[in-house]
1. Those residues that are at pLDDT 95 or above, assigned to a loop (DSSP other than H, G, I, E, B) and over 13 Å from the mean Cα position of the chain (by Cα), I need them from the stretch 18-59; list them, please.
2. Given (1) modelled with pLDDT of 50 or more; (2) loosely packed, with under 12 Cβ neighbours inside 10 Å; (3) of a type in the set (Lys, Arg), identify the lone condition not met by Arg4.
3. Val125 is checked against (1) surrounded by fewer than 19 Cβ atoms within 10 Å (Cβ to Cβ); (2) touching a Pro at 6+ places or on another chain (Cβ under 7 Å); (3) assigned to a strand (DSSP E or B) and fails just one. What number does that condition carry?
4. Among the residues in the stretch 134-149, are any assigned to a loop (DSSP other than H, G, I, E, B) and either modelled with pLDDT of 95 or more or of a type outside the set (Asp, Glu) (or both)?
5. Assuming Arg101 fulfils every condition listed in (1) outside any strand (DSSP E or B); (2) surrounded by fewer than 14 Cβ atoms within 10 Å (Cβ to Cβ); (3) of a type outside the set (A, V, I, L, M, F, W, C); (4) touching a Ser or Thr at 6+ places or on another chain (Cβ under 8 Å) apart from one, which condition is it?
6. Would you be able to say whether some residue in the stretch 60-77 is assigned to a loop (DSSP other than H, G, I, E, B), at pLDDT 95 or above, among the hydroxyl-bearing types (Ser, Thr, Tyr) and under 13 Å from the mean Cα position of the chain (by Cα)?
7. Among residues belonging to the stretch 128-140 that are in contact (Cβ under 8 Å) with a residue 60 or more places away in the chain and out of contact with any Leu (no Cβ under 9 Å at 6 or more places or on another chain), point out the one that is surrounded by the fewest Cβ atoms within 10 Å (Cβ to Cβ).
8. Confirm whether Asn104 is at pLDDT 95 or above and of a type in the set (S, T, N, Q).
Amino acid sequence: MPQRPALRPALAAAAGAAMLLLAAAPSVHADSSAAADPKETVTVDSIGRITSDGTVTLSGTYRCVDSTGLAFVSSSVGQKASNVRYGIGGTMAVCDGKVHRWENTSTYSPTTLKRGKANVEVSIVELQPVGGLPLPRFHAVETQEVTLAKA
């Protein structure tokens, strides 16, 4: 029986590349997505969850269309007047034009993020192959104030 190439290592490598590209890319604000297809949206629930061990969970909905590469819903959070943002996970996106739920979770030191107001930025990013190099294509971006509440 012929062996199939392992899909998990390829997906892990692609997800790692996406996170690296997103971490290195400048922040994109909601007003810069004006040219996005109106059928492509991403939302953030107004309440995020934080546990006593520092685990943060954010969630919302998304809809995207016409992806040719791997697509992800990525999110980050910041608090107070700090310019520091913390990546909160990444979820594979299905760009079929239907509304889907997303949920991202990451754990930081319990002193890094606190309960209370936070600014969340969430985006649908596709790694679109261009000349053999996966380049990010933003389908939708949203920035919103949320409350991190005890989980």
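1. Glu40, Asp45, Ser46, Thr51, Ser52, Asp53, Gly54
2. The failed condition is (1).
3. (1)
4. So far as the stretch 134-149 goes, no, none of its residues is assigned to a loop (DSSP other than H, G, I, E, B) and either modelled with pLDDT of 95 or more or of a type outside the set (Asp, Glu) (or both).
5. The failed condition is (1).
6. No, because not a single residue in the stretch 60-77 is assigned to a loop (DSSP other than H, G, I, E, B), at pLDDT 95 or above, among the hydroxyl-bearing types (Ser, Thr, Tyr) and under 13 Å from the mean Cα position of the chain (by Cα).
7. Phe138
8. yes
The values are calculated or read from the model by the stated rules, or taken from the named source; none is laboratory data. Remember, predicted model here, so these are calculated numbers, not experimental data. Methodologically, a virtual Cβ is constructed for each residue, glycine included, from the backbone with ideal geometry; neighbour enumeration extends over all protein chains shown.
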